[in-house]
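This report refers to the structure that appears directly beneath it.
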Amino acid sequence: MEINSFSRPITQNYSNNPASLPISEKMNAQERGLDQGVENSQDARNMINTAEGALDNVGESLNRMRELTVQASNGILTDDDRSIIQNEIESLKTDISDSLRNTEFNQISLFEGTDAAIQTGANSGQSRNIEIRNTTLENLGIQNLDVTEDADLESIDNAIERISEARSNLGAQDNALGNTINANSVARENTLASQSRLDEDFAQKVSDLKKNQIMQQYSTQMQRKDMDNQAGVLDSIF
């Protein structure tokens, strides 16, 4: 006697439990949305880190300019000495201007004033604006710095303070995105776990159904065998 095999893998078919289908689909959409939100947030962090790196270089140049301005304030220097110092300051200005003008992320010029809406979550309304302030030599107030005429330390100090504030702002935004990534990752894992339990419940129900079908077929075949045996005994008697 052979019993029909039910060894084929069970495919996910919700025809036996259609109420579970919309729940599973919503969980799947939520999980994929959370995953994409994490990627979006990480892209935004990369953009912020690009801007932060540029501002770090600007800060270093400003500190060197301040050092040179202090040096130019020395009363024993000649006009020629101050002209040499000014040449280096002009070179630093060019470096700062080039850094601010050429820093890009995905072909976006960051320091022309960037205000990007980042979809950080899976659902509508779960977004965050990332702001990078417009930054130039002009709004830093150092475009006309000339130590051959006036060693203006105050303008440099103001520029350094603005760069420090901009970096602090970027750091706060980066931290917020990091928290969002962590929260989304936890939510995604919990969604996957819930979806997995739903699928396991469904698979268990299908498995139980298959077992019942096998037992029913086995019982039917055994009954037929008993009837055949009884019929054979009667035939041998008569």
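Coordinate-derived values only; no laboratory data. All values derive from a computational prediction rather than experimental measurement. Note: ideal-geometry Cβ built from the backbone for every residue, glycine included; neighbour counts use all protein chains shown.
Brief remarks on what is shown
- Residue within the range 145-161 that is within 16 Å of residue 111 (Cβ to Cβ) and free of Cβ contacts under 8 Å to residues at least 40 places away in the same chain present: no
- Residues satisfying the stated conditions in the range 61-107, i.e. in a helix (DSSP H, G or I), among the polar types (S, T, N, Q) and touching a residue at least 24 places away in the same chain (Cβ under 8 Å): 61, 63, 69, 83, 86, 97, 99
- Close pairs (8 angstrom Cβ cut-off, 6 or more residues apart or separate chains): touching a residue at least 24 places away in the same chain (Cβ under 8 Å) and under 21 Å from residue 109 (Cα atoms) in the range 28-53, outside any helix (DSSP H, G or I) and of a type in the set (Gly, Ala, Ser) anywhere: 44/116; 47/116
- Here residue 149 qualifies as farther than 20 Å from residue 61 by Cα and over 26 Å from the mean Cα position of the chain (by Cα).
- Only listed residue being in contact with an Asp or Glu (Cβ under 8 Å, 6 or more places away or on another chain) and either of a type outside the set (Ser, Thr, Tyr) or more than 30 Å from residue 193 (Cα to Cα) (or both), chosen from 68, 62, 34, 55: 68
- Within the range 172-188, being among the hydroxyl-bearing types (Ser, Thr, Tyr) and crowded, with 19+ Cβ neighbours inside 10 Å holds for one residue alone: 180.
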